[in-house]
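Since every read-out is calculated from the coordinates, none of them should be taken as a lab result. Keep in mind that this is a model prediction, so the values were computed, not measured. Positions of Cβ are generated from backbone atoms using ideal geometry, with glycine treated the same way; all protein chains shown enter the neighbour counts.
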Amino acid sequence: MKFINQLFSKRKNVTIEFCEKNLDRFLASENMSEYNQFLSKKNVIYKEYECQSRCKECKQSPYALVDGEFTAAEDSQELLEKMKKHADHK
């Protein structure tokens with residue numbers, strides 16, 4: 001019964017916030033289509049801000065705020081995987 005509930009349960013929305021400057025700095029062009037596909041999911045709400053006043057973190061690695069939680073990664077592919085994992089567990 002639990003499996004059936006998971007199949008038909010409505011997923012909760014996940015909110016992802018990006019810094020434009022961080023995306024410009026770290027988003028690899030080969031990952032863009034995969035990012036677009038993920039961000040177009042019904043349960044994903046995303047926003048881009050010109051600046052999030054996290055300059056130190058912004059210069060070091062790609063990051064996003066996922067449901068208000070700071071999430072950083074070594075590269076844009078790893079960040080995408082972390083965001084997907086979070087969204088799948090909602």
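Quick look at the numbers
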quantity	calculated
Pairs of Lys in the stretch 12-88 closer than 25 Å at Cα, counting only those 8 or more apart or on different chains	29
Of all DSSP beta bridges in the chain, antiparallel share, percent nearest 5	50
For the chain, built as a Gaussian network whose Cα springs stay under 10 Å, the top-fluctuating residue of Phe70, Phe38, Phe18	Phe70
GNM top mover of Lys47, Lys21, Lys56 - the chain, alpha-carbon springs below 10 Å	Lys56
Signed unit charges on C-beta, dipole axis of the chain, positive-most listed residue Tyr63, Asn13, Ser29	Asn13
The stretch 12-21 - phi-based ³J(HN,Hα) in whole Hz, Karplus 6.51/-1.76/1.60, Gly and Pro as x	6, 5, 10, 9, 10, 10, 10, 9, 4, 5
Gaussian network model of the chain, Cα within-10 Å springs - most flexible of Ala64, Ala72, Ala28	Ala28
Dipole magnitude (debye, nearest 20) for the chain, charges at Cβ of Lys, Arg, Asp, Glu	560
